[in-house]
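To start, the structure itself, in structure tokens.
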There are 2 protein chains.
Amino acid sequence: RPARTLNEVLFFPSEVSCVENLFKASSPHSCHCPLPHRVETSFSRLLCHLLSASSSLDLCIFAFSNLDLSRAVLALHSRGVTIRVLADQDYSVITGSQIGVLRKAGICVRGHVGSVHMHHKFAVVDGRLLITGSLNWTLTAVQNNVENIIITHEPDLVLPFIKEFQRLWVQSEPD
Amino acid sequence: RPARTLNEVLFFPSEVSCVENLFKASSPHSCHCPLPHRVETSFSRLLCHLLSASSSLDLCIFAFSNLDLSRAVLALHSRGVTIRVLADQDYSVITGSQIGVLRKAGICVRGHVGSVHMHHKFAVVDGRLLITGSLNWTLTAVQNNVENIIITHEPDLVLPFIKEFQRLWVQSEPD
Ligand SMILES: [Zn+2]
Ligand SMILES: [Zn+2]
């Protein structure tokens, strides 16, 4: 009998807590920063799901300026996870956008052109876990806005997003 | 054995087609407008799901200016469907917003205050069908942007959104 399909919903704004331990899982946690520790939040759940990637991450995102999320993508890249990032062409040149940082690190980035906005905010992890919702990958969205994210393994939901990513990817320009 | 759970994904921009027949299902379709007829699009699918409401519609939406979607909500209201609309306080006073139109028609509307943005874009139909995604209910989002919507009966996804609506509703002010 197959394991129960993962269907999780996260709501934001998220409480703020230290996420250092998610990046340094091997060492015992002994951070001295002023943030709360060992607190699970919507944001730490999002980071965990993202950092669970072992082979690939396809990211299709309107606005990406959140430093912790950028750090997570860079960490996956340095672990050898194959990453493709599709961003809105206009938004990716805005101050604070992490798209340029990812590109400089050698991550494969493309900018979507030809629509008013590429307004998606979804990620597909290892070709089987979909993360999607209203949440842009910015600090304001995470800490200040009322937002939602769905995280699911349900193939009926995941497969259309994989197909959509592929469709947009081939249309878009390496920039 | 229970029926298979509905899990549908719609992508935008949507093709443009005439949706008159969705509002006047009883009469044979004989519209003479210049738009294509009898074409199923992402937008007509969205309207169909929305118009399937028979008892209640809870709508939690950042931006609502789309006239066809407003017409659908008004049609449900006049059929006796119980409607609650929770809107972003700042956005709802912008030119073209349909929030004032819904309020004037006697629909129960509240404005969310206290966060930077109430950025949700979801609807719950009859307490069991969830419609959620990146799509704001504007004409630009529907016709010009690259956007997504998930439509699902999956209780693990629907129930958290019902709870979230209730939480925000009691926090918000009738305005
Ligand atoms: Zn710390
Ligand atoms: Zn027509």
Inset, instruction - Find all pairs meeting these conditions: Cβ atoms under 7 angstrom apart; at least six residues apart or on different chains; first residue within region A:42-54 and of a type in the set (S, T, N, Q); second residue not in a loop (DSSP other than H, G, I, E, B). - result: A:Ser42/A:Leu10; A:Ser42/A:Phe11; A:Ser42/A:Phe12; A:Ser44/A:Leu22; A:Ser52/A:Val125
Inset, instruction - Report, by residue number, each residue of region A:79-118 that is modelled with pLDDT of 95 or more and within 12 Å of chain B (Cβ to nearest Cβ). - result: A:Leu86
Inset, instruction - Within region A:137-151, track down each residue that is touching a residue at least 40 places away in the same chain (Cβ under 8 Å) and at the interface with chain B (Cβ under 8 Å from one of its Cβ atoms). - result: A:Ala141, A:Asn144, A:Asn145, A:Val146, A:Glu147, A:Asn148, A:Ile150
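Can we say A:Leu47 is within 26 Å of B:Thr132 (Cβ to Cβ), within 14 Å of ligand 1 (Cβ to nearest atom) and aliphatic (A, V, I, L, M)? Give the derivation first.
Numbers: within 26 Å of B:Thr132 (Cβ to Cβ): yes; within 14 Å of ligand 1 (Cβ to nearest atom): yes; aliphatic (A, V, I, L, M): yes.
Answer is yes for this residue.
Going by the conditions given, is A:Ile131 touching a strand residue (DSSP E or B) at 6+ places or on another chain (Cβ under 9 Å), more than 7 Å from chain B (Cβ to nearest Cβ) and part of a strand (DSSP E or B)? It would help to see each step written out before you state the result.
On the way: touching a strand residue (DSSP E or B) at 6+ places or on another chain (Cβ under 9 Å): yes; more than 7 Å from chain B (Cβ to nearest Cβ): yes; part of a strand (DSSP E or B): yes.
Taking the combined requirement at face value, the residue satisfies it.
Among the listed residues B:Arg71, B:Arg103, identify the single one that is more than 16 Å from ligand 1 (Cβ to nearest atom) and farther than 22 Å from B:Gln166 by Cβ. Even if it seems obvious, please write down each step before you answer.
Numbers: B:Arg103 fails: farther than 22 Å from B:Gln166 by Cβ.
B:Arg71 is the lone residue from the list that is more than 16 Å from ligand 1 (Cβ to nearest atom) and farther than 22 Å from B:Gln166 by Cβ.
Answer yes or no as to whether B:Phe122 is in a strand (DSSP E or B), aromatic (Phe, Trp, Tyr) and at negative phi.
Details: in a strand (DSSP E or B): yes; aromatic (Phe, Trp, Tyr): yes; at negative phi: yes.
When the stated conditions are applied, B:Phe122 passes them.
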Legend entry - Selection within region B:111-132 - surrounded by 22 or more Cβ atoms within 10 Å (Cβ to Cβ), in contact with a Ser or Thr (Cβ under 7 Å, 6 or more places away or on another chain) and not hydrophobic (A, V, I, L, M, F, W, C): B:His112, B:His119, B:His120, B:Lys121
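State the number of residues belonging to region B:104-118 that are without any contact (Cβ under 8 Å) to a residue 60 or more places away in the chain and touching a helix residue (DSSP H, G or I) at 6+ places or on another chain (Cβ under 9 Å).
Initially, region B:104-118 is screened for residues without any contact (Cβ under 8 Å) to a residue 60 or more places away in the chain, giving B:104-107, B:114-118.
Now restrict to residues that are touching a helix residue (DSSP H, G or I) at 6+ places or on another chain (Cβ under 9 Å): B:105-107, B:114, B:116-118.
Number of matching residues: 7.
Out of curiosity, is B:Thr95 within 28 Å of B:His119 (Cα to Cα), among the β-branched types (Val, Ile, Thr) and surrounded by fewer than 18 Cβ atoms within 10 Å (Cβ to Cβ)?
On the way: within 28 Å of B:His119 (Cα to Cα): yes; among the β-branched types (Val, Ile, Thr): yes; surrounded by fewer than 18 Cβ atoms within 10 Å (Cβ to Cβ): yes.
Yes: the conditions hold for B:Thr95.
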Inset, instruction - With the checklist (1) more than 12 Å from every other protein chain (Cβ to nearest Cβ); (2) at pLDDT below 95; (3) under 13 Å from the mean Cα position of the chain (by Cα) in hand, flag the one item A:Asp126 doesn't pass. - result: (2)
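Inside region A:152-170, can you point out the residues that are among the hydrophobic types (A, V, I, L, M, F, W, C), more than 10 Å from chain B (Cβ to nearest Cβ) and farther than 18 Å from A:Ser115 by Cβ? Show your work before the answer.
Just the residues of region A:152-170 that are among the hydrophobic types (A, V, I, L, M, F, W, C), to begin with: A:157-159, A:161-162, A:165, A:168-170.
Imposing the further condition that a residue be more than 10 Å from chain B (Cβ to nearest Cβ) reduces the set to A:162, A:165, A:169-170.
Correct list: A:Ile162 only.
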Inset, instruction - Tell me which of these A:Ser42 doesn't satisfy, since it passes every other one: (1) within 14 Å of another protein chain (Cβ to nearest Cβ); (2) surrounded by fewer than 22 Cβ atoms within 10 Å (Cβ to Cβ); (3) closer than 29 Å to B:Ser14 by Cβ. - result: (3)
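The values are calculated or read from the model by the stated rules, or taken from the named source; none is laboratory data. Every value quoted in this text rests on a predicted model; they were computed, and no experiment measured them. For neighbour counting, all protein chains shown are included, and Cβ atoms are generated from backbone atoms with ideal geometry for every residue, glycine included.
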